[in-house]
1. When the residues of the range 81-108 are filtered to those that are part of a loop (DSSP other than H, G, I, E, B) and closer than 21 Å to Thr33 by Cβ, which remaining residue is most open to solvent (accessible area, probe 1.4 Å)?
2. Which residue pairs have Cβ atoms under 9 Å apart, sit 6 or more places apart or on different chains, and have a first residue in the range 79-108 that is of a type in the set (Lys, Arg) and a second that is in a helix (DSSP H, G or I)?
3. Return yes when Thr33 is open to solvent by less than 30 Å² (accessible area, probe 1.4 Å), more than 19 Å from Lys87 (Cβ to Cβ) and in contact (Cβ under 8 Å) with a residue 12 or more places away in the chain and no when it is not.
4. Only one residue in Asp58, Asp51, Asp43 is more than 13 Å from the chain's Cα centre (by Cα), open to solvent by 60 Å² or more (accessible area, probe 1.4 Å) and either charged (D, E, K, R) or under 30 Å from Arg5 (Cα atoms) (or both), so which one is that?
5. For the range 64-80, how many residues meet the condition of being in contact with a Gly (Cβ under 9 Å, 6 or more places away or on another chain) and open to solvent by less than 80 Å² (accessible area, probe 1.4 Å)?
6. Could you grab me the full set of residues in the range 57-105 that are among the aliphatic types (A, V, I, L, M), touching a helix residue (DSSP H, G or I) at 6+ places or on another chain (Cβ under 9 Å) and under 12 Å from Phe23 (Cβ atoms)?
7. Going through Leu9, Leu21 one at a time, which residue ends up being in contact (Cβ under 8 Å) with a residue 60 or more places away in the chain and either surrounded by 12 or more Cβ atoms within 10 Å (Cβ to Cβ) or among the hydrophobic types (A, V, I, L, M, F, W, C) (or both)?
Amino acid sequence: MAVQRSRRLRKKLHIDEFQELGFSVAWRFAEGTTEEQIDAILDQFITEVIDPNGLAYDGSGYLVWEGLVCLQETGKCTDEHRELVRKWLEQKNLTDIQVTELFDVWWD
């Protein structure tokens with residue numbers, strides 16, 4: 001039996017029309033990459049891929065990075081977002097690139 005929930009409760013629970021889909025991403029910089037080079041590539045990642053596409057990125061690392069990509073607004077990332085991120089990372093010659101399938105960022 002389906003549970004009837006008010007719009008307010010669905011919003012608080014991040015379900016139905018308020019569900020948010022995102023994906024995890026990870027990559028590795030080449031051994032010997034300097035901090036300045038890492039900072040420059042991350043700045044490019046934000047300005048060329050994340051911001052222009054309405055995405056948000058939360059991650060950390062040094063030579064090995066991992067993080068979460070989702071939308072800046074409530075909504076659902078798409079497979080096109082995943083491929084956009086993957087292709088950009090590949091063009092920068094980063095290694096061990098991993099992009100997960102989409103998942104619910106609140107409940108997975």
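1. Across the range 81-108, the extreme among qualifying residues is Asn93.
2. Going by the 9 Å Cβ cut-off, the qualifying pairs are Lys92/Ile41; Lys92/Gln44; Lys92/Phe45.
3. On the way: open to solvent by less than 30 Å² (accessible area, probe 1.4 Å): yes; more than 19 Å from Lys87 (Cβ to Cβ): yes; in contact (Cβ under 8 Å) with a residue 12 or more places away in the chain: yes.
So Thr33 passes the test.
4. Asp43
5. 8
6. Those that are among the aliphatic types (A, V, I, L, M), touching a helix residue (DSSP H, G or I) at 6+ places or on another chain (Cβ under 9 Å) and under 12 Å from Phe23 (Cβ atoms): Val69, Leu71, Leu84, Val85, Val99, Leu102.
7. Leu21 is the lone residue from the list that is in contact (Cβ under 8 Å) with a residue 60 or more places away in the chain and either surrounded by 12 or more Cβ atoms within 10 Å (Cβ to Cβ) or among the hydrophobic types (A, V, I, L, M, F, W, C) (or both).
Here's the yes/no breakdown for (1) at pLDDT below 95; (2) of a type in the set (Ser, Thr, Tyr):
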site: Asp43; (1), (2): no, no
site: Tyr57; (1), (2): no, yes
site: Ser60; (1), (2): no, yes
site: Gln91; (1), (2): no, no
site: Glu101; (1), (2): no, no
site: Trp107; (1), (2): yes, no
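The values are calculated or read from the model by the stated rules, or taken from the named source; none is laboratory data. What you see is a predicted model; the values in this text were computed from it and never measured. Methodologically, a virtual Cβ is constructed for each residue, glycine included, from the backbone with ideal geometry; neighbour enumeration extends over all protein chains shown. Please note that ligands, DNA and RNA were not included when accessible areas were found on the heavy atoms of the full protein model with its side chains. Shrake-Rupley method; radii C 1.70, N 1.55, O 1.52, S 1.80 Å.
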